[in-house]
Amino acid sequence: MQIFQLLSKFKIASYFSQIFRKLKKNFKSELKVKFTIIFFRPDNAEVKQYHIPACCNFIFKIAAGMLLVFSLALISHTLYLANYIKTHETEFAKIDQLESELITAEAKVAALSKKNTDLISANLPTIAAFEDQALAALRSQTVSHTALSRGSNDSRGLALEEIASQDDLSLADHEKLLQLIYDTAVNNANQLARIPSILPLKGSTYVTSPYGYRRNPFGGRSKEFHDGVDFAANYGTPVYATADGIVSFAGWDYGYGRKIVINHGNGIITFYGHNSKLLVSTGAKVKKGDMIAYSGNTGRSSGPHLHYGAYVNGKSVNPLTFTNK
């Protein structure tokens, strides 16, 4: 069986060897053949002949085949591109439109930038006048009864004055000055929001007991220091925070019953006593005008009312000092 397989392989190899020798012989014989190319002119008897070996014919065939393949590939690629362009014609048109719009927008931006530059150059005196008015307004913006808020504005006010005092301000200086004016205004607004300038009750705010020494309301001829203002209020009247701040205490106090203490910063503290119900807890942030409790009669009290007091740097002050009342 193995011998038969070997003989079969030998026959196949011998067959291909014969074919190869035959092709080689034919190729050599073809190379010996020559082609003649004749050139002649009808009006001239002279004839020119050129003998070309057969191998050149073989090369011409290969070149013609390669040229044909290249031409077919080029045609196929051209057809593919034509089909691709036709399929995405809408997208290409949209891209062209967007490019056109972009060029138009860039032209408008350039025109606006030039116009803005021209306006700024033409209105520098007006801008300077506005800055002077803004600085004057800022200097007079502090509340007359609140020297407490001036400390945080001094350094910024000096910075504004230093810039504004320059004779020739560049555009960058103007931008810096306007930014400082804005920051100062925001800072002043934040400081004013932390000043207890409103009353803790809305509507009727009749004062039943003012701040200072008074006769003991529980009888006798003794006097006591009243560290706040008592407002007449029905049971359950809403009580409001008089400034922005953080609740530092919300709970029971022996003398003031259900009591709320708010720290407004800058050493200012307000407190609200004798409430029937508290709406905020310790640590809560409150804004000026937020409802924080309902008035009541808890603690050492002779009837429903609200006790409203204030401290500045640990010293009791009349809470109405911050208001117009």
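Here are the numbers for this structure:
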item: Hits in segment 203-255 - residues which are in a loop (DSSP other than H, G, I, E, B), charged (D, E, K, R) and modelled with pLDDT under 90; result: Arg221, Asp227
item: Boolean, Tyr311 is assigned to a strand (DSSP E or B) and closer than 15 Å to His226 by Cβ; result: yes
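The values are calculated or read from the model by the stated rules, or taken from the named source; none is laboratory data. As the structure is a prediction and not an experimental result, all values here were calculated from the model. Don't worry about glycine lacking a Cβ; one is built from the backbone with ideal geometry, like all the others, and counts go over all protein chains shown.
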